[in-house]
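Student: Can you keep this structure in mind? I'll have questions shortly.
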Amino acid sequence: RVLDLTIAYAKEREQFGKPIGAFQAVQHHCADMAIAVLGARFIAYEAIWRLSADREAAETVSMAKAWVSEAYEQVCALGHQVHGAIGFTEEHDLHLYSRHATATALTFGDDAHHLTRVAAHLGVPTPAPTT
């Protein structure tokens, strides 16, 4: 949804007499967002398929959670870059998705947590957390 909101905004918002979507930097942000979304979908589908086929899925699920968590935060951050200050106002829905990304990471673990789990599945030693 953040990608859709951002692309629609880039098409309608004008600066210097043309839509901001015509600027290469905005196009790069939208392309990066699309790649993150498609990658997140693909790895989530892979994890779901493994679970539904009764295959070993713990490692794939951890990879999917790590990728999707990072992608969600990246897409929201790039969406805010394109929207500028309006994305942080209560009048626009974008800030709700950013809050949801933060809440989801706190509830289900962020990308670092799940990457540590992937490392454990692969047998890679990880440093002990420092407090």
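The values are calculated or read from the model by the stated rules, or taken from the named source; none is laboratory data. In this text, all values refer to a predicted model and were calculated from it rather than measured experimentally. For neighbour counting, all protein chains shown are included, and Cβ atoms are generated from backbone atoms with ideal geometry for every residue, glycine included. Side chains included, ligands, DNA and RNA excluded: accessible areas come from the protein's heavy atoms. Shrake-Rupley method; radii C 1.70, N 1.55, O 1.52, S 1.80 Å.
Student: Which residues, counting only those in the range 63-109, are farther than 16 Å from Met33 by Cα, open to solvent by 60 Å² or more (accessible area, probe 1.4 Å) and within 13 Å of the chain's Cα centre (by Cα)?
Tutor: Lys65, Arg99, His100, Thr102
Student: Within the range 45-63, identify whether any single residue is without any contact (Cβ under 8 Å) to a residue 24 or more places away in the chain and closer than 17 Å to His100 by Cα, and answer yes or no.
Tutor: no
Student: Which ones in the range 9-30 are among the hydrophobic types (A, V, I, L, M, F, W, C), over 13 Å from Gly84 (Cβ atoms) and open to solvent by less than 50 Å² (accessible area, probe 1.4 Å)?
Tutor: Scanning the range 9-30 gives a single hit, Cys30.
Student: Still on this structure: Gln74 versus (1) in contact with a helix residue (DSSP H, G or I) (Cβ under 6 Å, 6 or more places away or on another chain); (2) over 17 Å from Leu3 (Cα atoms); (3) of a type outside the set (Gly, Ala, Ser): which is the lone unmet condition?
Tutor: (2)
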